[in-house]
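No lab work stands behind these numbers, since they all come straight from the coordinates. Keep in mind the model is a prediction, meaning the values are calculated, not measured.
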């Protein structure tokens, strides 16, 4: 059986918006491109579940243009903004008699749409249902739909087939140590798919995955894809000590509570961690309640300054993740956000536009209010406005968004950040010499 694992050409925003935003020369856009130059972990994990006698080919259209794909089955795991391109490719392959299988978040929340372009789709997590699919595949009796109604025990998850990507010049390599997130934010679709309870791989599993990567890459930058990696202090400490023992660079997503876990945070700073992305989301209390009804995030708003200074004071850059487009956002809020970014010397930002991804509470709410502007999924990338803002016109929002990004990427701000971190590292060096 010959199988192709296909990654579509990806872009952070549409060509039209890229020209409008004038991002290509901006420092943070270039950094984002580097950090997101990473293989498709979903496809590599699926590959790890396939029989050893299958012939597998991993094809990433971002690096390899292949005019004609020859295989028995083609597998895809697209994001929402990739799905239209995947449908086009899948339709072409099926017209040539090649079977197509799809999974992932978008497919799981819109299965009827995906089934128009696939022979088989997977709903939910693949572990637990994929072995049945393989049996049916061998018998040539595959079903259109395989659904996992349970949350997977991650002990069942295989080592991803990192060997398949050895010829690609990726800038980072992904590992997932857990699934699930307790915060269940209204705009986050992955937390809905993976659930509130966090499930983890064992430390020995993670060690085997790291060793598998190090067999291929001499000095990799490891990207931990977990939605919220350090919720459990004890597990986090074991994990960081493991990573530190390999002397590699890494970055991950966390929440504001990491600033109060002193032993863990200090171990993080010693272990090769370059950056932690923290989901601050907003500087407005009402917006934080809309995002996170448990009010966990709102209750930490007053300490955002401390969280950033505590983490960065140990030499770890904070990437502040903020969401624009909340109902209470006004033109003045963009200025408020910039002043906060400038004041805190935050290393980098991930400023997204609220996106009503299908399957989320935000999507259902905006759809009901008839505020959604388009169902062109390619625009659902997290950086384009796809709905009508409440307190701003579309032009006002986009003009303020463009201005904010230019200010964040200004020479003035980059110099402030650079000087701030130079001073931190000087103090750290002097402290260690004492």
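Side notes on the structure shown:
- Convex hull projection area averaged over all views, the chain, Cα basis, nm²: 20.9 nm²
- A convex hull fitted around the alpha carbon atoms of region 102-171 yields 143 Å³ per residue.
- Between the helical axis of 83-95 and the longest alpha-carbon principal axis of the chain there is an angle of about 10 degrees.
- Nearest-ten-degree value, helix 203-214 long axis tilted from longest Cα axis of the chain: 80 degrees
- C-alpha long axis of helix 411-433 to longest principal axis of the chain, angle in °: 80 degrees
- Region 15-143, Rg to Rh (Cα coordinates; Rh as Kirkwood inverse mean 1/r): 1.01
- Overall dimensions of region 219-299 by Cα: Rg and Dmax, Å: 14.1, 44
- Value in Å of the Kirkwood radius, where region 333-434 supplies the Cα pairs that are averaged: 16.3 Å
- P(r) histogram, all alpha-carbon pairs of region 120-223 included - 5 Å bins from 0, percent: 2, 10, 17, 16, 17, 18, 13, 5, 1
- In Å, descending, principal axis extents of the Cα set of region 257-382: 49, 28, 26
- One quarter of the convex hull surface built on the alpha carbon atoms of region 298-344 amounts to 3.7 nm², the projected area averaged over directions.
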